[in-house]
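Asker: Pasting a structure below so you can have a look.
The values are calculated or read from the model by the stated rules, or taken from the named source; none is laboratory data. Computed from a predicted structure; not experimentally measured. All Cβ positions, glycine included, derive from the backbone under ideal geometry; neighbour counts span all protein chains shown. Quick note on the areas: whole protein, heavy atoms, side chains included, nothing else; ligands and nucleic acids left out. Shrake-Rupley method; radii C 1.70, N 1.55, O 1.52, S 1.80 Å.
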Amino acid sequence: MDGAAASGRPFRVPRLERVDAETVAREVRAAAIEARRQLSTAEVAMAASRAALRLSDPEDPAGADALEILAAELSWPEPLSRETLAGMARGWTREALISLVDRELGGPAALDGWTTSSSAALAGRRRRAAGPLLLLVVHAGNVPGVTVTAALRGLLVRSGVLCRAPGSEPGLLACFARALAEEHPLLGRCLATTWWPSMHEAPWDAWVKRSGKVVVYGGDTAVAGVRTRVPAYVDLVAYGPRLGIAAWLPDAPLEETATALARDVCAYEQQGCVSPRLVYAVGREGRELGEALSRALEREVARLPRPAADVATAVALRSARAEAEFAALAGKPVHLEASGETAAWTVVVGGDPLRSDPLPRFVRVHAVDDVAELERLLAPLEGRLQSVGYAGTVGLDALADLAARLGACRVAPVGTLAWPPPDWLHDGRPQLLPLLAWTEWE
Amino acid sequence: MRSDETPEAEARPADEGPFGALGAELRSLFRAWGDDPGSWPAERFDELALRAFELQWNTVPAYRAYCVARGVHPSTVGDWRDIPPVPTAAFREVDLAVAPPAEADLVFRTSGTSRGSGRRGRHRVVDPELYRAALEPAFERFVLGPGSRPLVLSLVPPFGRGRDSSLAWMCDDIAARFGAPGSGSVARGGEPEWAEARALVQRCVADDVPVCVLGTTLAVDAWVERLEARGEALRLPEGSVLMDTGGAKGRPGLRRGAIVERLGRALGLSPEDVVNEFGMTELLSQRYGRGEAGVGRSPPLLGPPWLRTRALDPVSLQPLPEGEAGVLCHLDLANAGSVVCVLTEDMGRMRGGALESIGRSPGAPPRGCSLATAELLDTLG
C-alpha cells in the first residue's frame, strides 16, 4: 500500500489482508508465550535495550539507518536527528528499563512468576502480573522515537506487540524491529510493525479484536477514531495531545532562562507535549523575555538547524506571523520577533494568552501579574497540560500547586522540559501499570 | 423576493482627492471593458497598480509600516510584482482602507470562529461603486453572457441584518442588476426555501425564461440531493446557468466532476452551464471557470484584466514558473480602496492566464503530541 511520510516522500508497505493480519497476530502471540517461558524480564530488558540503543549509535548500521530514515521521512537535518535519538535513548538503557519496572512494580518478580505479599491482609495469596499476550499500539504521530519507547514498554510487560506505525514516519520502528530480531530472534518475533491507511479495515479488524489492550498515541481526532474501533471489553490506553507551558518567575535570571527555554523549544521541533509553547512572565515584562528568547533561539538554531518548512507549515507560519505583526501595527499590545523571512523561529509577545499553534519553534509569551492570575487564565486547559516549566523560586510553590490542581503531569525546571526522566508519569500515570492485568491465587 | 432590497451603496462624495480620482478612473475603465474588452489599456496596468500602491502607502498607516519594515517605499517600486502583498491574516487584525469610515462604506467579513486562528477578517469597502464596476461586467462576461437577463435565483441569504459576507452582497447586486422581475434570494430566513425555488423554476420553465442560480457549493449540493431524494428532475430553460462558489469545505465525496454530473441530471444543465466562482472577502474581483475539472482542482478560472494572479513558492515567495503549484498572490485593481496586493493561503497554479485552484492550504498539520489550543478554545467558547 502506498503512503507518504511527513516530508511528502512516498513509501510502500505490503497490503495486509485479514488472513495475513491474523497470521501475524497468531505468530506474535505464540512468540510472546514462548518468550515468557524462556526469558526473564531482566533478559528482555537487556536484549531490547541493546537493540534500541543501536538506533542512537551513528556508528552502528542500525543507527546510520535511523538517521537516514529521519532525513527521508521528516527532512530532519542530522544534528536534530542525532540529538533526538540520543535524548530518547536515555530511556532505552537497560538501567532505565529496569528502574522503570522497579519504580512501578517494585521489581520484575511479579512479571516473572508468582509473588507472595508481605502484607498480613494478603496472607496466603499470591500474585503475578502480565501485559496482554497481544498489545496493539497505534501511532498517529508523535516525537520520533516514541514509537520505540512504546514498543519497549510492551515488551517489558511481556506482551507480543503489534504496531501501526505513524504514516508520517513509519521507518524508525521498523528499524528497531529489525535490530531486535538481530539481537534476539525470539524477542524479534514478539514485535510486528506496519502501517496501513485508516480506511483499510482488514488489519484494524484482525488486530484490534485479538489484542487484550490497545494503546493509541495521537491527536483528539485520531484517538476518537481508534476508540470507535475498540470493543467495550478491550482496554484502551490513550495518549492524546497536551500542552507544555512555562513560567518565568520574578527572581529568575533573564538570559539563562531564555537559553534554557530555547533548548526546550528547539528539541525535536517542539513536537512533544512536554515542549513549552506558552511562556508566562509572572510579575515581569513579557517583551523583555520575548527579546531574550529570540536571541537565544537564534543561537540555538545555529547549533540545531531546523528542517525546511513544508508547504502547509510555511503558509500557516506566515499567516500567524502576519496576524501578530498587523496586530502590533494596529496598536494592539502584541510584539513579534521572528527569524526574518525564514521559518527558523518565532516569538509572539501578547495576544490571546491561551493560544498555541502547531507550528515549529513558535513560542507565545504573555505577562501576568502573579500566579493567581495564571490560575484564572489557565482554567480552560484543566486536564490538558503536560509540563509546567519554571525558572526562579518566588511563587514556585503556588505554581506547583496550581499545576497539580489543573492536572498537569509534571513540574520541571526550564531546560529539562523536553527530556523528562525515563520513568516519568506520561499523561499523569505510570507507564507500565496501565498495560498490566493482575492474577491473584487465593 | 428581495431584489428591491439590494443594498443601495452610495458613491463616496465625489471623486475628490487622490483616491476619488483613481477610483473614478478605474470605474470608468472597468465599465468600458464590459462594453468592449479591447478597450482595456493593458499597458497601463503597472501605472495604475503603482498609483494605487502609493495611495495606500500614504493612507493606510499599518500597511505603510509593514512596507517600511521591509525597506519598501513607493519610490523603490517600479513594477506591480514588487508591491508588498498583504497576507489575508492582516484583515483579521487591522482596518485596511484608504479613507476613514463613512456611512456608505460596505463592510464584508469572512466566515470564521471567534477564537484561535479562525477569527473573522474584515474588509471595508470605501467605494461600493468601484466594487460594482468590477463585479458586474465580469459577471456578465464570464457567467451570463452579454445581454442575458435571466431570473436570478440566489440560494444565499441576503446581505444585511447580521449577514455580512461579500458573497451575499454580490448575489443581491447581480439579482438587482441583471435579474428579470422576481429575482433575488430564496434564503431570506437563512436557509433556502426549496419549495419557493422549485415554484420559481417551474414558472420559468413555463414561461421559457432562463434561470441563473447562485449559491455556495454546499447549498447547490443540498438542492440536488433534495431533488434526487424526491426523484425529481427539473429542466432549466435554454440559456440557464448555475454559479457555485466556496467548494466542498472538506466534505468528503463532493468532487467537482460529480457535482457537475449531478447538476446535469437534476437541473438539466450541461457542464458548460455550470460556473465555478473563485472569490474572497479580501478581493473585490472574482474569477470564474466553466465545466468539469480534474480531481481536487477547479476548472480553469478566468478573470477580468485588472486582476492578476501569481503562484508563489510558499516558503520563499518567489514567483513559480507557469503550471507549478504555489500559494496564490493577487493584484486586484478593484482593491484600490484598501490594499491591491493580497497574499492568500490558497494553493493553485497558473496556466495561460487561467487559474487552477487547488484549494486552501490545510494549515500546519498537527504533528507530535503537542496540543494546538485553537479548536479546544473554540469548543469552550
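Asker: No partner Cβ under 4.7 angstrom, meaning no disulfide-compatible partner by this rule: which Cys of the protein assembly as shown qualify?
Answerer: Isolated Cys, the protein assembly as shown: A:Cys163, A:Cys175, A:Cys190, A:Cys266, A:Cys409, B:Cys67, B:Cys171, B:Cys204, B:Cys212, B:Cys329, B:Cys341.
Asker: Could you give the C-alpha radius of gyration of chain A expressed as a fraction of 2.2 N^0.38 Å, taking N as the number of residues it contains?
Answerer: Details: Rg = 22.7 Å, N = 442, 2.2 N^0.38 = 22.3 Å.
The value comes to 1.02.
Asker: Got a sec? Which residues in the range B:133-170 would a label at B:Glu225 touch, if it sits 7 Å along Cα→Cβ and we count backbone N under 17 Å?
Answerer: Answer for this model: B:155-156.
Asker: Debye calculation, C-alpha points only, no solvent: report log10 I(q)/I(0) for the range B:196-275 at q = 0.14, 0.20, 0.22 Å⁻¹, in the same order as the q values.
Answerer: -0.41, -0.85, -1.03
Asker: Right, something else. Between A:Ala324, A:Ala262, B:Ser111, whose Cα lies farthest towards the positive end of the dipole of the protein assembly as shown when Lys and Arg beta carbons carry +1 and Asp and Glu beta carbons carry -1, centred on the Cα centre?
Answerer: Of the options given, the answer is A:Ala262.
Asker: From the gyration tensor of the Cα coordinates in the range B:63-219, what semi-axes in whole Å does the equivalent ellipsoid have, largest first, with each one equal to sqrt(5λ)?
Answerer: Details: eigenvalues 267, 75, 33 Å².
For the range B:63-219, the semi-axes come out at 37, 19, 13 Å.
Asker: Enter the angle in degrees (range 0 to 90, nearest 10) between the Cα long axis of helix B:166-178 and the first principal axis of the Cα atoms of chain B, meaning the one along which they spread out most.
Answerer: The helix B:166-178 is inclined about 60 degrees to chain B.
Asker: May I ask for the angle, rounded to the nearest 10°, between helix B:17-35 and the longest principal axis of chain B, with both axes built from Cα atoms and the value confined to 0 to 90°?
Answerer: In chain B, helix B:17-35 runs at an angle near 40 degrees to the longest axis.
Asker: Right, something else. Simple spin-label model, 7 Å along Cα-to-Cβ: A:Arg126 to B:Arg31 in nm?
Answerer: 10.0
Asker: Enter the Cα centre distance for the pair the range A:1-71 and the range B:321-371, rounded to the nearest angstrom.
Answerer: Answer, in whole Å: 41.
Asker: Need one number: % antiparallel among DSSP beta bridges in chain B, to the nearest 5. Don't skip to the end; give the middle numbers.
Answerer: Details: 29 of 46 bridges.
So the antiparallel bridges amount to about 65 percent of the total.
Asker: Something else now. With a 1.4 Å probe and every protein chain left in place, tell me how much accessible area A:Val311 has, in Å² to the nearest 10.
Answerer: 60
Asker: For the range A:202-253, just say rounded, prolate or oblate: build the C-alpha gyration tensor, square-root its eigenvalues into a ≥ b ≥ c, call rounded for a/c under 1.5, and beyond that prolate if a/b exceeds b/c, oblate if not. Before the final figure, lay out the partial values.
Answerer: Numbers: a/c = 4.69, a/b = 3.61, b/c = 1.30.
It comes out prolate by the Cα gyration axes.
Asker: Could you point to the residue in B:Pro74, A:Pro170, A:Pro231 farthest towards the positive end of the protein assembly as shown's charge dipole, with +1 and -1 charges on the Cβ of Lys/Arg and Asp/Glu respectively?
Answerer: Towards the positive end, the residue furthest out is A:Pro231.
Asker: Starting from the Cα gyration tensor of the range A:81-171, multiply each eigenvalue by 5, take the square root, and state the resulting semi-axes largest first in whole Å.
Answerer: Numbers: eigenvalues 202, 51, 13 Å².
Working through the eigenvalues yields semi-axes of 32, 16, 8 Å.
Asker: Using 1/(1 + (r/R0)^6) with R0 = 41 angstrom and r between the beta carbons of A:Arg18 and A:Thr221, what's the FRET efficiency to the nearest 0.05? Could the numbers behind the result be given before it?
Answerer: Details: r = 25 Å, r/R0 = 0.62.
According to the calculation, E is roughly 0.95.
Asker: I'd like the distance separating the alpha-carbon centroids of the range A:186-217 and the range A:290-350, in whole Å.
Answerer: Rounded to whole Å, the Cα centres lie 40 Å apart.
Asker: A:His335: accessible area at probe 1.4 Å, nearest 10 Å²?
Answerer: 30
Asker: Based on Cβ point charges of +1 for Lys and Arg and -1 for Asp and Glu, what charge dipole magnitude is obtained for the protein assembly as shown about its Cα centre, in debye rounded to the nearest 20? Please report the intermediate quantities before stating the final value.
Answerer: Values: 91 positive and 106 negative charges, 518 e Å.
It comes to approximately 2480 debye.
Asker: Could you work out the relative contact order of the range A:1-141, using alpha carbon pairs under 8 angstrom and six or more residues apart, expressed as a whole percent?
Answerer: 21
Asker: Express the Stokes-Einstein translational diffusion coefficient of the range A:1-159 in µm² s⁻¹, to the nearest whole number, given a Kirkwood radius over alpha-carbon pairs, 25 °C and a viscosity of 0.890 mPa s. Kindly include the intermediate steps, with their values, before the conclusion.
Answerer: On the way: Rh = 17.9 Å.
Diffusion coefficient, whole number: 137 µm²/s.
Asker: Moving on to the next point. Could you tell me the relative contact order of chain A? Use alpha-carbon pairs under 8 Å, at least six residues apart, and round to a whole percent.
Answerer: Working: 897 pairs, mean separation 79.8, N = 442.
Computed over chain A, the figure is 18 percent.
Asker: Say the dipole of chain B comes from +1 at the beta carbon of Lys and Arg and -1 at that of Asp and Glu; which of B:Ala197, B:Ser316, B:Leu48 then lies farthest toward its positive end?
Answerer: Most positive-ward Cα: B:Ser316.
Asker: Which whole-number percentage describes the relative contact order of chain B, with Cα contacts under 8 Å and a sequence gap of 6 or more?
Answerer: Details: 750 pairs, mean separation 64.4, N = 381.
Relative CO of chain B lands at 17 percent.
Asker: B:Ser270 versus A:Thr393, label points 7 Å from Cα toward the beta carbon: distance in nm?
Answerer: 8.5
Asker: Related question: Kirkwood Rh, Cα Rg: Rg to Rh for the range B:135-191?
Answerer: On the way: Rg = 11.2 Å, Rh = 11.5 Å.
Using Cα coordinates only, the ratio equals 0.98.
Asker: Can you give the calculated 222 nm mean residue ellipticity of chain B, where each DSSP H run of n ≥ 4 adds -39,500 (n - 2.57) and the sum is split over every residue, rounded to the nearest 500 deg cm²/dmol? Display every interim value, and only then the final one.
Answerer: On the way: 9 runs with 115 residues, N = 381.
The helix-only estimate for chain B comes to -9500 deg cm²/dmol at 222 nm.
Asker: So for A:Met88, B:Met243, what's the accessible-area order with a 1.4 Å probe, most first?
Answerer: Details: A:Met88 30, B:Met243 0 Å².
So the residues, ranked largest to smallest area, are A:Met88, B:Met243.
Asker: While we're looking at this one, here's another question. Summarise the partner chain shielding of A:349-356 as one whole number: the mean count of Cβ atoms from other chains within 10 Å of each residue's Cβ. Intermediate results must be reported in sequence, preceding the final value.
Answerer: Numbers: counts 0, 0, 1, 7, 0, 7, 7, 8.
Partner Cβ neighbours, averaged per residue: 4.
Asker: Give me Rg over Rh for the protein assembly as shown, both radii from the alpha carbons and Rh done the Kirkwood way, two decimal places. Spell out each step's value before the answer.
Answerer: Working: Rg = 30.6 Å, Rh = 29.6 Å.
Taking Rg over the Kirkwood Rh, I get 1.03.
Asker: Moving on to the next point. Quick one: give the max-minus-min coordinate of the C-alpha atoms of chain B along each principal axis, largest first, in Å.
Answerer: For chain B, the Cα extents along the three principal axes come out at 62, 57, 41 Å.
Asker: Work out the FRET efficiency for A:Glu68 and B:Arg149 from their Cβ-Cβ distance, taking R0 = 51 Å, and round it to the nearest 0.05. The partial results should precede the final answer.
Answerer: Details: r = 66 Å, r/R0 = 1.30.
Efficiency at R0 = 51 Å is approximately 0.15.
Asker: Using the Cα gyration tensor of the range A:337-442, with a ≥ b ≥ c the square roots of its eigenvalues, what is the shape: rounded (a/c below 1.5), prolate (a/b larger than b/c) or oblate (neither)?
Answerer: On the way: a/c = 2.42, a/b = 1.66, b/c = 1.46.
Prolate, because a/c is 1.5 or more and a/b exceeds b/c.
Asker: Assuming 0.36 nm per residue, please report the length gained on full extension of the stretch A:Ala202 to A:Ala437 beyond their Cα-Cα distance. Walk me through the numbers on the way to the answer.
Answerer: Working: separation 235, 0.36 × 235 = 84.60 nm, distance 2.74 nm.
This chain segment gains 81.9 nm when fully extended.
Asker: Considering every pair of different Cα atoms, what Kirkwood radius, in Å, is found for the range A:243-413? Numbers along the way, then the final one.
Answerer: Numbers: mean 1/r = 0.0631 Å⁻¹.
Computed over Cα pairs of the range A:243-413, the Kirkwood hydrodynamic radius comes out at 15.8 Å.
Asker: How far apart, in nm, are two points set 7 Å out from the Cα along the Cα-to-Cβ line at A:Thr116 and at A:Ala30?
Answerer: Simple spin-label model gives 3.8 nm for this pair.
Asker: Separate question: Looking at the protein assembly as shown, send over the antiparallel percent of its DSSP beta bridges, to the nearest 5.
Answerer: Details: 44 of 104 bridges.
That works out to approximately 40 percent antiparallel.
Asker: Which value, in debye to the nearest 20, describes the size of the charge dipole of chain A about its Cα centre when Lys and Arg Cβ atoms bear +1, Asp and Glu Cβ atoms bear -1, and nothing else is charged? Please report the intermediate quantities before stating the final value.
Answerer: Values: 48 positive and 54 negative charges, 288 e Å.
Charge dipole, chain A, about its Cα centre: 1380 debye, nearest 20.
Asker: Stretched out fully, how many nm does the piece from A:Ala404 to A:Asp369 gain, at 0.36 nm a residue minus the Cα gap? Display every interim value, and only then the final one.
Answerer: Numbers: separation 35, 0.36 × 35 = 12.60 nm, distance 2.02 nm.
So the chain would gain 10.6 nm between A:Ala404 and A:Asp369.
Asker: Another one. Would you please give the FRET efficiency between A:Ala181 and B:Ala258, computed as 1/(1 + (r/R0)^6) with r the Cβ-Cβ distance and R0 = 56 Å, to the nearest 0.05? Don't skip to the answer; put the middle values down first.
Answerer: Numbers: r = 47 Å, r/R0 = 0.84.
For A:Ala181 and B:Ala258, the calculated efficiency is 0.75.
Asker: Run the dipole for the range A:99-160 about the Cα centre, Lys and Arg Cβ at +1, Asp and Glu Cβ at -1, nothing else charged, and hand back the magnitude in debye, nearest 20. Each step should come with its number before you reach the end.
Answerer: On the way: 7 positive and 3 negative charges, 46 e Å.
Value, rounded to 20: 220 debye.
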